[in-house]
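J.: Questions regarding the structure given below will be posed in turn.
None of the figures in this text is laboratory data; all of them are computed from the coordinates on show. What you see is a predicted model; the values in this text were computed from it and never measured. Cβ sites come from the backbone with ideal geometry, for glycine too, and all protein chains shown count toward neighbours.
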Amino acid sequence: MLDLNDISLFVQVARHGSFAEAGRRLGLPPNTVSRRIQQLEQRLGVRLMQRSTRKLALTSAGQAFHQRCAGAVDGLLEAGQELLGGNPQPSGQVRVAATADFFDFFPMEWVAEFLAAHPQVQVDFVLSDAQVDLIAERIDIAFRGGTLADSGYVGRQLPGAGSGGLVASPAYLAARGAPLTLQDLARHDCVIPTRPGGRAGWRLTGPDGREEEVLVAGRFSGNTAQALRRATLAGLGVALLPPALIRLDLEAGKLAPVLPQYQRSGQGLNLLYPSRKHLPLAVSAFIELVMAKLTAPGETPR
């Protein structure tokens, strides 16, 4: 018969990535934690974790077991906290994975506001353009662009980030004229991500639902979305940018839509998290902040 305490202990070890850290948080010696996890593996008849001198990593069986039981364990802990404390407050660490240029469109002031509202919460950002394994890296929330693969995680598309649109500054359009067709972009200066050869292929969906591609080039390229936005504001060409980055610029008239009937669908920004139910209060609170900020009028990066 499985011991619920051992299952709860396994969830904590998986979340914190080490016997020592889980033991520190639970008031148990690391060797006791290790022994109880071994006992759980023996009862289940599978290896849940790969151990090395430097880190722990969940096996495929361990990942599946964690996904099935983490939400239930968190739910039981929250229920106990509600009975003991009446009104539990978000606490603990929230680990967030995002792209290297994440803070180009997500103002640090929003994080400061969140931490001020929840003094018992810590936020740890893991910034990399590589896609991390949420379970192995103990990630609570990940921001990912594009179409999500069926990973077993929970995916949630951010408001206003479902597609990308073509924009340019009024000054550029006044000087060069507005392109009338998608293929006209090949004769315009375009602000593009850094690419070998200085050219990029843009695939967009037209009003009839068909995808078209145009090969574009320009005199300015950059490796962050914020650099491309600022170059576009400076009149250096036409750019394909995510709506969450340029919403305020469009509202203020600093940028103007170009060929608005074309959109880059499926390239928006998504929230991804491992557990489908009973998220820790701190994680739920951070998700609520993100959804509120990216939905509220005028709440757009500078």
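J.: Treat every Asp and Glu Cβ in the range 165-264 as -1 and every Lys and Arg Cβ as +1, leave all other atoms uncharged, and give the resulting dipole magnitude about the Cα centre to the nearest 20 debye.
T.: Using only the charged Cβ atoms, the result is roughly 320 debye.
J.: Can you compute the radius of gyration and Dmax for the range 193-249, using only the Cα atoms, both in Å?
T.: 12.3, 33
J.: On to the next question. How long are the three semi-axes of the equivalent ellipsoid of the range 165-264, in whole Å, if each is the root of 5 times an eigenvalue of the C-alpha gyration tensor, listed from largest down?
T.: Values: eigenvalues 63, 53, 36 Å².
Computed over the range 165-264, the values are 18, 16, 13 Å.
J.: Please give the FRET efficiency for Thr181 paired with Glu113, using the beta carbon to beta carbon distance and R0 = 30 Å, rounded to the nearest 0.05.
T.: Values: r = 44 Å, r/R0 = 1.47.
Calculated transfer efficiency: 0.10.
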